[in-house]
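The values are calculated or read from the model by the stated rules, or taken from the named source; none is laboratory data. Being a predicted model, the structure only gives us computed values, none of them experimental. Reconstructed Cβ throughout: ideal geometry from the backbone, glycine too, with neighbour counts over all protein chains shown.
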Amino acid sequence: MAAPLTLLLIVAVTIRAVLFRSSLAELISERVEVVSPLNAWKRVVEGLALLDLGVSPYSGDVFHETPLMIYLFHFTVDYAEIVFMVSPYFVDCLSCLLASLDRAKIAIGSNNLKSDLLFNFPGCLRHIISFSTCGLNNAIIALFIFCTLKGSALLSGILLALATYQSIYPLTLFAPALLFFLQRLYIPVNLRRSSFWCFTLQYAFIYVGSLVVITGLSFFLLGSWDFIPSVYGFIFSVPDLTPNIGLFWYFFAEMFEHFRLFFICVFQINVFFYTIPLSIKLKEHPVFLIFMQIAIISIFKSYPTVGDVALYMAFLPAWSHLYRFLRNIFLVSCVLLACSALFPVLWHLWIYAGSANSNFYYAITLLFNFGQILLVSDYFYAYLRREHHLTHGLYLKKKDGTEATLVLK
Amino acid sequence: MGLLSDPNRRKALTNLLTRLNAPICMVCYLAAIVWFMGLAFEPFTLRTYMSENAMGSTMVEERFSSGERALSLAKEFDAHKRKAGGMPVEWLVKAMQARGLEVFTQSFSRKLPFPDENKERYMVRGTNVYGILRAPRAPRTEALVITAPCSPGNSDNQAVGLLLALAQYFRNQIFWAKDIIFLVNEHDLIGMQAWLEGYHHTNITGMEYSPLQGRAGSIQAALSLELSSDVITSLDLILEGLNGQLPNLDLANLFYAFCQKLGVLCTIQGKLQRNDWDTAEGYTHAAQTMMLMVLKQACGRSWGDHGLFLRYHIEAASIRGINGFRHYKMDVATIGRLLEGMVRKLNNLLERLHQSYFFYLLPSLSRFVSIGYYMPAFGLLAVILLLRALDLWVNLGAPALEAVDGVTEAEQPSGPGVLTVLTPVVISHLTGVALYLLPVHLQEMAVEHFPVSETEAVVLTAVAIYTAGLALPHNTQRLLSGEGTEQGWKVLKLTALLYLAVLLGCTALINFSLGFVLAVTLVPITASMTPHMPKALSALAMVLLSPAFTILYCVFIYQELIEAPVSVGEGWMLFLSVISQGILDHALYGSLVYPLLALFIYPCWLMFWNILFWS
């Protein structure tokens, strides 16, 4: 099992290395679908240059990464390529682990691991040679999930704090991680039991404590609180309306200033809102809840890129046993494939040929997000159906004995 | 989302689509053809109108009268051109300076990948001469370009003469708000490409040129003039540019408005507009005009010197003077007045032309079809591919659907490995890469071994590789370890259908005519191709509807439409020259038709050829 995995890893690293050196890397690192103002490498270099000059890297509204990230790159700027090449593999390896852990319940052949990596490769294909820090963010989230699955609450809390520190949205992963630990320690989720509150407070203390420590460390590294409005203020208030694959830019380009705050609140609440109903529905299945949360974050966050899409797509092979319950996989694949092909075409027509305009590009963005939402809801529905079949048997019959079908209402 | 999650309704719909798949596909195809041909029917088109406010309501009184001076300048230019054996640079520079322009020259050189037999050139060296009329009172941030080509022989002398006369006339006006650049380019498109690349500081085609010494701000619009006789009977407007890009419709509307005002006969595609749309001849005339535009747009080359401006987001059109067999002839002064009026209206622009349509088809100069009306014709063809893909998907998942709602314990035969599908895809694309790279790179070797010229070597190598690709399926099948299964070809066909649909969709967005023409021939054969059809007949059908034959048919149809029908032999020679022009256009100006056909459409067709011979 280890040998083919290692071989595949070596092949994948070689291909990535070759592509990094090619002229394709320059082309792709400029594309708006791949880099966003939050994680573009050009901006990191700009921030590093400002730091070297002794000026705050956040002056000039160019750089929006966190101080820890800038210090990391300060020390590894010569090896930046290696960092970018290695970090996506955390995600790949983790999804293999997820697949093997989840299937401990069901006996399935081991060639799934190979298919996992092969599936991940096209999933990550779009962002493998992008020079953006998205890979590092994904690696941190992947490590957090790894530590959670391994049962180490301390490491999980620290890594979650790190992920939240990077971009605020992983805050919603607190609930699934907590539910996982409670399940693992056999503590029932009952608001009246003291054991529940005891553990919750412990975990929350680890999480909030690490967050405070990391934020404090950032303050001492740079000597000012500049980074809070530049990073978190930037994420929340969405001042930069460069087109990307998300839903914010077009909307806020059309918005009157008067209503801007209201709609910012609405859009941002949208990301966090689904945590509560999903946690209630999936409280017995925290691993799937983590997947759903990551997917919702990548669809509804303020500056999504294909790197975020690749993060949750990399976990899809872990749920390949749901394949037979999926309803819309054909439609979703067609929509996502067509959109991926049409993004560069319509960008070219809009920006270079001047024949199209932003409406064309936003139409494709909307279609892409529709496809993603359909994919996520399809997997959710498939999961629920499988759970239903696990408890009620495979062949459903109505009371009079005829065949029944399961409908989501 | 009732349809997507309600299994009963969904099953009913999929059953309907699977049962009636073939009839629906045929109805869609016929509907697409009928819809497309119906676009030329006048009640379905809209009358053109001026959308840009800045160009609409201003009154312009044209006073240009130096027709005679223009003609004498033309004669001088001709004499100096003969003496210099090319572009008479010193004379032009002196003439423009005498008219108060700031004159600059640019020299350029380019070695073509292989000799161009149509224009008989291989190593091209030339000079562009341009004079800038600075706007007397405005900040010099924007410019307009008027250009005339310096062509060998007797052509386009009057164009240069008119250019110089206009320059002198414009110099005396005080109301110009934009700089006007008067450009005389040598070696038509190559010189124009060098000038544009120099102006915009890009180098996308590997041209060597000297940097431009003088510049005038961002160019808002450009007009190219081709005039080869002292009197004309009509003016022809040429809109199609590189890669099928069209200028904003407002430019055509402007031209038409001024032709109406000055009583000049104007044509498009060389055809005059008719009023009898309700008769058969009237309809055929409009349909022919539209088909000519479609064919010209589909081949992706620039049909006038203006075509290269469009890439830089500069609206440009070419105006060609035609001296035909009509009684009423117009002199150069009228053309001068027309140009004066157009340039004055363009001078009034506050921002680039963007109000009117960028995607349209013109069945006549006063009627247009916008993208919203012509795209459904292509959409119907794409739907056929998607319906077939859906049908295959349902068939592939059929054992699962027989059981209760997707839940089954039955042992499915393990699906075809990824390798079964990947091998034909990779081999087809490698053949496509060979078709793209080898003809130009192997020309020296071909010339050594065969008694042909370089151009013939390139074209015949391309044809040879294309034909050699037909022999592939018999080899790819043996490369696979086992026999292909029934599921194997279905998965391959599903992939190929989706690939073709996405490819044609992207092509139609960039260049609708190319996408539509390819779809019309490719969709019927690809949608219906299975290994179980009679091999000889289907192989013949596939070859007759392959991309190369599509080009051949287009050549014959084009010749018919311009009323110069050719015999089979001449048609074949024209076909070969079209291939060589396509390769040259790609190398010289960055046209995308040849790479698209070689690297994507041909491999896609090869995959279906592979399916046909799946054993």
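Within the range A:378-409, take every residue that is at pLDDT 75 or above and in a loop (DSSP other than H, G, I, E, B) and give me the one that is farthest from the other protein chains (Cβ to nearest Cβ). Explain how you work it out, then say what you get.
Filtering the range A:378-409 down to residues at pLDDT 75 or above leaves A:378-394.
Among the residues that remain, those that are also in a loop (DSSP other than H, G, I, E, B) are: A:393-394.
Numbers: A:393: 10, A:394: 5 Å.
Among them, the one singled out is A:393.
Among the residues of the range A:62-73, is there at least one that is modelled with pLDDT under 85 and outside any helix (DSSP H, G or I)?
There is no residue in the range A:62-73 that is modelled with pLDDT under 85 and outside any helix (DSSP H, G or I).
Would you list the helices (runs of 4 or more DSSP H) that sit entirely within the range B:486-563 and hold 3 or more residues that are over 21 Å from the mean Cα position of the chain (by Cα) and not assigned by the TED database to the domain that holds residue B:272?
Result: B:486-510, B:512-528, B:535-544.
Between B:282, B:324, B:307, B:336, which is buried (at least 22 other Cβ atoms within 10 Å of the Cβ) and either away from chain A (no Cβ under 14 Å) or outside any helix (DSSP H, G or I) (or both)?
The unique qualifying residue is B:336.
Got a number for residues in the range B:66-85 being crowded, with 19+ Cβ neighbours inside 10 Å and within 22 Å of residue B:340 (Cβ to Cβ)?
So the count comes out to 7.
For the range B:421-436, state whether one or more residues are modelled with pLDDT under 85, in a helix (DSSP H, G or I) and within 14 Å of chain A (Cβ to nearest Cβ).
yes
Is it the case, given these coordinates, that residue A:217 is part of a helix (DSSP H, G or I), surrounded by fewer than 17 Cβ atoms within 10 Å (Cβ to Cβ), in the same structural domain as residue A:287 (by the TED database) and in contact (Cβ under 8 Å) with a residue 24 or more places away in the chain?
So residue A:217 fits the description; yes.
Taking the condition in contact with a strand residue (DSSP E or B) (Cβ under 6 Å, 6 or more places away or on another chain) and within 14 Å of chain A (Cβ to nearest Cβ), does residue B:319 pass?
no
Which residue out of A:352, A:361 is at the interface with another protein chain (Cβ under 8 Å from one of its Cβ atoms) and closer than 21 Å to residue B:310 by Cα?
The conditions single out A:352.
Kindly list, by first and then second residue, each pair from a residue in the range B:434-448 that is farther than 12 Å from residue B:594 by Cα and in the same structural domain as residue B:469 (by the TED database) to a residue that is hydroxyl-bearing (Ser, Thr, Tyr) and surrounded by fewer than 17 Cβ atoms within 10 Å (Cβ to Cβ), limited to pairs with Cβ atoms under 8 Å and residues at least 6 apart or on different chains.
Final answer for the pair search is B:447/B:453.
Looking at A:341, A:310, can you tell me which residue is closer than 24 Å to residue A:36 by Cα, within 11 Å of chain B (Cβ to nearest Cβ), touching a Cys at 6+ places or on another chain (Cβ under 9 Å) and part of a helix (DSSP H, G or I)? Working first, answer last.
Working: A:310 fails: within 11 Å of chain B (Cβ to nearest Cβ).
The conditions single out A:341.
Could you grab me the full set of residues in the range B:113-128 that are buried (at least 18 other Cβ atoms within 10 Å of the Cβ) and of a type in the set (A, V, I, L, M, F, W, C)?
Scanning the range B:113-128 gives B:114, B:124.
Just one of B:495, B:521 is farther than 15 Å from residue B:381 by Cβ, among the hydroxyl-bearing types (Ser, Thr, Tyr), buried (at least 17 other Cβ atoms within 10 Å of the Cβ) and at pLDDT 90 or above; which is it?
So the residue among B:495, B:521 that is farther than 15 Å from residue B:381 by Cβ, among the hydroxyl-bearing types (Ser, Thr, Tyr), buried (at least 17 other Cβ atoms within 10 Å of the Cβ) and at pLDDT 90 or above is B:495.
Out of B:63, B:47, B:19, report the one residue that is loosely packed, with under 15 Cβ neighbours inside 10 Å, assigned by the TED database to the domain that holds residue B:522 and charged (D, E, K, R).
Residue meeting the stated conditions: B:19.
Scan B:71, B:92, B:112, B:101 and give me the residue that is within 30 Å of residue B:580 (Cα to Cα) and in contact (Cβ under 8 Å) with a residue 60 or more places away in the chain.
B:112
Of everything in the range A:313-329 that's more than 11 Å from every other protein chain (Cβ to nearest Cβ) and not aliphatic (A, V, I, L, M), which residue is nearest to residue A:146 (Cα to Cα)?
Here the residue is A:315.
Looking at this structure, is residue B:224 at negative phi, at pLDDT below 95 and polar (S, T, N, Q)?
Taking the combined requirement at face value, the residue does not satisfy it.
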